[in-house]
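S.K.: I have a structure here, written as structure tokens, and I will follow up with some questions on it.
The values are calculated or read from the model by the stated rules, or taken from the named source; none is laboratory data. From a predicted model like this one, the values you see are computed outputs, not experimental measurements. Please note: Cβ atoms are built from the backbone with ideal geometry, for glycine as well, and neighbour counts cover all protein chains shown. Remember, those area values only see protein heavy atoms, side chains included, never the ligands or the DNA or RNA. Shrake-Rupley method; radii C 1.70, N 1.55, O 1.52, S 1.80 Å.
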Amino acid sequence: MSNSCQHNSSNLPQEHLLHRLHALQQEYLHISPQAMQQVAVEFNLPLSQVAGIVAFYSFFSAQPCGRFHILFSNCTSCGYLLAGQNLMQLLAQQLQVTPGKTRADGLISIGETSCIGLCDQGASLLVNGIPLTHLNPDKIAQIAQQITANISMDEWPGEWFEIHDTIHRRNLLLTTQLAPGNALQQAITHGAAETLTTIQQSGLNGRGGAGFNTGKKWQLCREKLGDAHYVICNADEGEPGTFKDRVLLHHHAEALFEGMTLCAFVIGANKGLVYLRGEYRYLLSHLQTVLSQRRNQGLLGRHILNHADFHFDIDLVVGAGAYICGEESALIESLEVKPGIPRIRPPFPVTHGYLGQPTVVNNVETLIAAAHIVAHGSSWFNSVGTQKSIGTKILSVSGDCRLPGIYEYPFGVRIQQILDDCGAQRVQAVQIGGPAGKLIGAPDFNHTISFEDISTGGSFLIFGHQRDLLAVHRNFAHFFAHESCGFCTPCRVGTQLLKNNLDKIAEGRGTTNDIETLKQLAFLIQHHSHCGLGHTAANHVLDGLQHFPQVFATHLNQHFVAQFDLDQALESARQITRRDDAAAHLD
Amino acid sequence: MSAIQNTIRIDNQAIPFTPGQTIMDAALAAKVYIPHLCHYPGLPPSGNCRLCIVEIENRSVAACTTPAAADQTICSNTPELNEARKALTQMLFVEGDHICPSCEKTGNCKLQAMAYYLGMLDDHFPQFYQRREIDASHPDILLDRRRCILCDLCVRASREVDGKNVFAIAGRGTKAHLIVNSPSGKLADSSIATTDLATTICPVGAILIKEQGYQVPIGQRIYDHHTIRETSLQEHIAGCDKLKRKEHQDTER
């Protein structure tokens, strides 16, 4: 891979460990203990660190996957449950394979994965990392035929892989294309200090969800002394329901790299990194092309725009399936070839980030906005929005609506307005900011998207009147239990207990006491976890209990029910004794 | 710096601290106990067990990883926090297989002692009954992952004190598990020894020295006579003495 980290000393491999492991996974369909040992020697790392990474990231496997390895998204928008049909089960049946187990002949393996950011493209999957969209039972049958006939993916119908990016509403950022180098030329003309002032005056806040002031972040980083400064673009868009970065990376990569280069100019960085989520690997070659164009144009590399002391370049690092790496300190850990476990904060990355050095970590949208602000001026930007939420927000709208896609609105837009614009009718609930965000019902549709009201990193999931909201809660609870990094007790154990409890209620074995347990668990996870994943993992349950109590109540049993299904618990004993007669069952 | 400046308040008690100290270190030095399982004097803090949660301005933080700062007002020994600590202890109990009556560690186990200290009378949550591997390959040391609480103490002890890096934690969520840094992944293939801190630091019965079972009869074990509060305060004093001796040796060298 041409773009990779080059921080290792000269006798070590030049590529990033995650890329090396990905290549091994591709070639051998798994990463064997022998391969791990070899890589540990190559990279001069403890074997346990390599093994720890293989075990941490979903896209690495110690057991062989199939030659066709299919991962269905399990998101509520692009997931495999379609109008009462389970597309994953359908394909599994047709190919005679059990999800999670590679077929004996090694041809096929099927599994599920967290949202792959194709929520506006219908039910979707990744086959050997390549997205396949707009799934339906017919297409599933055709895929099964292709695989059974062992037809190479190159010969599959091209339109299966098409992704149609639809931008329904454009405002400040999506109306204009930046001429490459335009903002950068302005920055060089006016100097770093004045460029920083422009960003500060624009009032830009981070677009990832937390909303930290961008100018402040850049200033803190610029002021902190260090051996080196780094700019990192967080392109690990993992929140289920968000796909705006996918579209931005595809159509606005120029502006993104321009924003990163500007930031480098302001904070004094020579090196930038884009951490791209593994699910978006197919965008890699496009991004590499744009980077090399910019190098040819003198917008990256040494002496940018002929400036004597401005040298900066950008590496692309691709993740390997871990939602937690969207948390900035976990992302940095991942860049530093470790499992993505969030760091103890403070210190924050802005002073102690990548390799312990001052680092700016910004969202894709934030960096694009920064480029536009420098090109067009701060007043161009802050003329739009509300007093506390300046500018526009790009939303990824999906779920039960006629026009899913990208919508750019000035901050302060009402929820009902968005629902009207995307053709959503008889809406039961909206989940804003993804599973980690906020669940609201119709009485709250007059609220607005803004930092002071309802904040979102971009995910906007719509649930129509026919949706089973308890199923949605289960989906979210399964998501967090799967994505918890496992570091701290309340999140590791608590998300699992929350999941089990919701499953129990949905299976009709819940009682009033289980609602109390849900509240207790939600409180523990929310208040006492180590990082933002835990702090937000139970939001949806608390919101659900507050706004939609009947969703839980209607499933409750009036009488005592055992924690587990007693008859089911005897199943393994029945299998061992090869009995299935009446006496081997409870009633 | 004046003495008044370097003071924090825990449950209305003024406690001095030196800059760089965590809330945990300052508290223990002042003989104020904050419940903990993954903290050990002299090892870098981790903050994973979350038993040492305290509240500063209604925000929950881990005392072992949060630096003490002048005029911090901290709540620790409150009914609400102790209830939360009890629930977290229950979580650790149901996640693993903690079969106290038949465990060799009973009476010497910090998890069990913590449960007694916090007044835990039942598991409250349903058991996980996870399949976890036992490693009995080593002639002198047994690793039973079913009882591991992922406190990371053996990982840090081996790396920081023993200088061996024998252990690591791998996997995500409830699949997180202790791994051994050896080609076969087995303990027998590693450089661990019975005298290592990593071998003896385990707060539960996950790492046990073989052929010593029940040499001390039940009823005469540590927590048969002491609370975890007493032993933790003792441990802190002993740990600090050890650190001082080491620093002294390093300076002389």
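S.K.: For the range A:134-152, what are the residues that are within 26 Å of the chain's Cα centre (by Cα) and in contact (Cβ under 8 Å) with a residue 40 or more places away in the chain?
M.R.: Within the range A:134-152, A:Leu135, A:Asn136, A:Ile140 qualify.
S.K.: Could you pull out the residue among B:Gly42, B:Gly47 that is of a type in the set (Gly, Ala, Ser) and either over 13 Å from the mean Cα position of the chain (by Cα) or open to solvent by 10 Å² or more (accessible area, probe 1.4 Å) (or both)?
M.R.: Values: B:Gly47 fails: either over 13 Å from the mean Cα position of the chain (by Cα) or open to solvent by 10 Å² or more (accessible area, probe 1.4 Å) (or both).
The match here is B:Gly42.
S.K.: Name the residues in the range B:19-54 that are free of Cβ contacts under 8 Å to residues at least 40 places away in the same chain, closer than 16 Å to B:Thr73 by Cβ and touching a helix residue (DSSP H, G or I) at 6+ places or on another chain (Cβ under 7 Å), would you?
M.R.: B:Ile53, the sole residue that qualifies.
S.K.: Could I ask something else about it? Which condition number does A:Ile110 fail, the rest of (1) in a loop (DSSP other than H, G, I, E, B); (2) among the β-branched types (Val, Ile, Thr); (3) under 14 Å from A:His69 (Cβ atoms) being met?
M.R.: (1)
S.K.: When you look at A:Val317, is it closer than 27 Å to A:Asn128 by Cβ and at pLDDT 95 or above, yes or no?
M.R.: Working: closer than 27 Å to A:Asn128 by Cβ: yes; at pLDDT 95 or above: yes.
Taking the combined requirement at face value, the residue satisfies it.
S.K.: Starting from residues that are open to solvent by less than 80 Å² (accessible area, probe 1.4 Å) and within 14 Å of chain B (Cβ to nearest Cβ), keep the ones in the range A:557-570 and report whichever is farthest from A:Thr517 (Cα to Cα).
M.R.: As a first pass, look at the range A:557-570 and keep what is open to solvent by less than 80 Å² (accessible area, probe 1.4 Å): A:557, A:561-562, A:565, A:567, A:569-570.
Applying the additional criterion that residues be within 14 Å of chain B (Cβ to nearest Cβ) yields A:561-562, A:565, A:569.
On the way: A:Val561: 15, A:Ala562: 15, A:Asp565: 19, A:Ala569: 23 Å.
Ranking the candidates gives A:Ala569 first.
S.K.: Any residue in the range B:114-125 that is on the phi < 0 side of the Ramachandran plot sitting within a Cβ distance under 8 Å of a residue that is crowded, with 21+ Cβ neighbours inside 10 Å and assigned to a loop (DSSP other than H, G, I, E, B)? List the pairs, counting only those 6 or more apart or interchain.
M.R.: Between residues of the range B:114-125 that are on the phi < 0 side of the Ramachandran plot and residues that are crowded, with 21+ Cβ neighbours inside 10 Å and assigned to a loop (DSSP other than H, G, I, E, B), the close pairs are B:Met114/B:Pro35; B:Met114/B:Leu37; B:Met114/B:Leu51; B:Tyr117/B:Pro35; B:Leu118/B:Pro35.
S.K.: Scan (1) assigned to a loop (DSSP other than H, G, I, E, B); (2) of a type in the set (A, V, I, L, M); (3) buried (at least 17 other Cβ atoms within 10 Å of the Cβ) for the single condition B:Val216 breaks and write down its number.
M.R.: (3)
S.K.: Output yes when any residue across the range A:34-43 is more than 30 Å from A:Cys401 (Cα to Cα) and more than 14 Å from chain B (Cβ to nearest Cβ), and no when none is.
M.R.: Of the range A:34-43, the ones more than 30 Å from A:Cys401 (Cα to Cα) are A:34-43.
Add one more test, that the residue is more than 14 Å from chain B (Cβ to nearest Cβ), and what stays is A:42-43.
Scanning the range A:34-43, I find at least one residue that is more than 30 Å from A:Cys401 (Cα to Cα) and more than 14 Å from chain B (Cβ to nearest Cβ), so the answer is yes.
S.K.: Further question on the same structure: Taking A:Val266 and the conditions (1) touching a Gly at 6+ places or on another chain (Cβ under 7 Å); (2) open to solvent by less than 20 Å² (accessible area, probe 1.4 Å), which numbered condition does it fall short on, given that it satisfies the others?
M.R.: Exception for A:Val266: condition (1).
S.K.: Name every residue in the range B:72-121 that is surrounded by 19 or more Cβ atoms within 10 Å (Cβ to Cβ) and of a type in the set (Gly, Ala, Ser), in order of residue number.
M.R.: Once the filter is applied, which keeps residues that are surrounded by 19 or more Cβ atoms within 10 Å (Cβ to Cβ) and of a type in the set (Gly, Ala, Ser), the range B:72-121 yields B:Ser76, B:Ala84, B:Ala87, B:Gly96, B:Gly107, B:Ala113, B:Ala115.
S.K.: Additional query: Among the residues of the range A:314-332, how many are in a strand (DSSP E or B) and of a type in the set (Gly, Ala, Ser)?
M.R.: 0
Condition check ((1) among the aliphatic types (A, V, I, L, M); (2) touching a strand residue (DSSP E or B) at 6+ places or on another chain (Cβ under 8 Å); (3) outside the structural domain of A:Asp245 (by TED's automatic domain parsing)) across all residues:
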{"position": "A:Arg345", "(1), (2), (3)": "no, no, no"}
{"position": "A:Thr351", "(1), (2), (3)": "no, no, no"}
{"position": "A:Glu365", "(1), (2), (3)": "no, yes, no"}
{"position": "A:Ile368", "(1), (2), (3)": "yes, no, no"}
{"position": "A:Ala371", "(1), (2), (3)": "yes, no, no"}
{"position": "A:Ser378", "(1), (2), (3)": "no, no, no"}
{"position": "A:Gln387", "(1), (2), (3)": "no, no, yes"}
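S.K.: Can you find a residue that is out of contact with any Leu (no Cβ under 9 Å at 6 or more places or on another chain) and basic (Lys, Arg) anywhere in the range B:203-214?
M.R.: No, because not a single residue in the range B:203-214 is out of contact with any Leu (no Cβ under 9 Å at 6 or more places or on another chain) and basic (Lys, Arg).
Residues are listed down the side, and each one gets a yes or a no for (1) outside the structural domain of A:His482 (by TED's automatic domain parsing); (2) farther than 17 Å from A:Pro240 by Cα; (3) open to solvent by 30 Å² or more (accessible area, probe 1.4 Å); (4) of a type outside the set (Phe, Trp, Tyr):
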position: A:Thr76; (1), (2), (3), (4): yes, no, no, yes
position: A:Ala104; (1), (2), (3), (4): yes, yes, yes, yes
position: A:Val127; (1), (2), (3), (4): yes, yes, no, yes
position: A:Asp138; (1), (2), (3), (4): yes, yes, yes, yes
position: A:Ala141; (1), (2), (3), (4): yes, yes, yes, yes
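S.K.: Does the range B:13-32 hold any residues that are open to solvent by 20 Å² or more (accessible area, probe 1.4 Å) and touching a Leu at 6+ places or on another chain (Cβ under 8 Å), and which are they?
M.R.: Scanning the range B:13-32 gives a single hit, B:Lys31.
S.K.: Can you go through A:Phe60, A:Phe72 and tell me which one is touching a residue at least 60 places away in the same chain (Cβ under 8 Å) and either under 27 Å from A:Leu331 (Cα atoms) or outside any helix (DSSP H, G or I) (or both)? Talk me through it step by step, then tell me what you get.
M.R.: Working: A:Phe72 fails: touching a residue at least 60 places away in the same chain (Cβ under 8 Å).
It is A:Phe60.
S.K.: Quick check on the range A:294-313: of everything there that is touching a residue at least 24 places away in the same chain (Cβ under 8 Å) and either polar (S, T, N, Q) or not in a loop (DSSP other than H, G, I, E, B) (or both), which residue is surrounded by the fewest Cβ atoms within 10 Å (Cβ to Cβ)?
M.R.: Applying the filter and picking the extreme gives A:Gln297.
S.K.: Taking B:Asn77 as the residue in question, decide whether it is touching a strand residue (DSSP E or B) at 6+ places or on another chain (Cβ under 9 Å) and within 14 Å of chain A (Cβ to nearest Cβ). Outline the logic, then answer.
M.R.: On the way: touching a strand residue (DSSP E or B) at 6+ places or on another chain (Cβ under 9 Å): yes; within 14 Å of chain A (Cβ to nearest Cβ): no.
No: the conditions fail for B:Asn77.
S.K.: Same structure, new question: Where residues in the range A:88-102 are over 17 Å from A:Ile130 (Cβ atoms) and open to solvent by less than 20 Å² (accessible area, probe 1.4 Å), which of them is nearest to the chain's Cα centre (by Cα)?
M.R.: Our first condition is that a residue be over 17 Å from A:Ile130 (Cβ atoms); within the range A:88-102, this holds for A:88-90, A:92-102.
If we keep only those that are open to solvent by less than 20 Å² (accessible area, probe 1.4 Å) too, we end up with A:88, A:92, A:95, A:97.
Details: A:Met88: 21, A:Ala92: 26, A:Leu95: 30, A:Val97: 28 Å.
Step by step, filter the range A:88-102, then rank; the result is A:Met88.
S.K.: Among the residues of the range B:1-42, what is the count of those that are out of contact with any Gly (no Cβ under 9 Å at 6 or more places or on another chain) and part of a loop (DSSP other than H, G, I, E, B)?
M.R.: Here the count works out to 21.
S.K.: Working carefully through the options A:Phe60, A:Phe72, A:Phe56, find the one that is outside the structural domain of A:His478 (by TED's automatic domain parsing) and out of contact with any strand residue (DSSP E or B) (no Cβ under 9 Å at 6 or more places or on another chain). Lay out the reasoning, then the answer.
M.R.: Details: A:Phe72 fails: out of contact with any strand residue (DSSP E or B) (no Cβ under 9 Å at 6 or more places or on another chain); A:Phe56 fails: out of contact with any strand residue (DSSP E or B) (no Cβ under 9 Å at 6 or more places or on another chain).
It is A:Phe60.
S.K.: Give me the residue from the range A:537-546 that is out of contact with any His (no Cβ under 7 Å at 6 or more places or on another chain) and not charged (D, E, K, R) and, out of that set, nearest to the other protein chains (Cβ to nearest Cβ). Outline the logic, then answer.
M.R.: Here is the first cut: in the range A:537-546, the ones out of contact with any His (no Cβ under 7 Å at 6 or more places or on another chain) are A:537-539, A:542-543, A:545-546.
Keeping just the survivors that are not charged (D, E, K, R) gives A:537-539, A:542, A:545-546.
Values: A:Ala537: 11, A:Ala538: 14, A:Asn539: 16, A:Leu542: 16, A:Leu545: 18, A:Gln546: 20 Å.
Selected residue: A:Ala537.
S.K.: Can I ask one more? Taking the range A:349-372, which residues are hydrophobic (A, V, I, L, M, F, W, C) and closer than 30 Å to A:Pro410 by Cα? If you could, list the steps in order and put the result at the bottom.
M.R.: Residues of the range A:349-372 that are hydrophobic (A, V, I, L, M, F, W, C), as a first pass: A:350, A:355, A:360-361, A:364, A:367-371.
A:Val350, A:Val360, A:Val361, A:Val364, A:Leu367, A:Ile368, A:Ala369, A:Ala370, A:Ala371 - these are the residues of the range A:349-372 that are hydrophobic (A, V, I, L, M, F, W, C) and closer than 30 Å to A:Pro410 by Cα.
S.K.: When only residues in the range B:156-170 that are at the interface with chain A (Cβ under 10 Å from one of its Cβ atoms) and open to solvent by less than 10 Å² (accessible area, probe 1.4 Å) count, which is farthest from A:Lys338 (Cα to Cα)?
M.R.: First pass over the range B:156-170, keeping only residues at the interface with chain A (Cβ under 10 Å from one of its Cβ atoms): B:159, B:165-170.
Subsequent filtering for residues that are open to solvent by less than 10 Å² (accessible area, probe 1.4 Å) retains B:166-167, B:170.
Values: B:Val166: 17, B:Phe167: 15, B:Ala170: 11 Å.
So the residue we want is B:Val166.
S.K.: Moving on. Restricting the search to the range A:348-395, which residues are touching a Gly at 6+ places or on another chain (Cβ under 7 Å), assigned to a helix (DSSP H, G or I) and surrounded by fewer than 23 Cβ atoms within 10 Å (Cβ to Cβ)?
M.R.: Residue satisfying the conditions is A:Asn382 alone.
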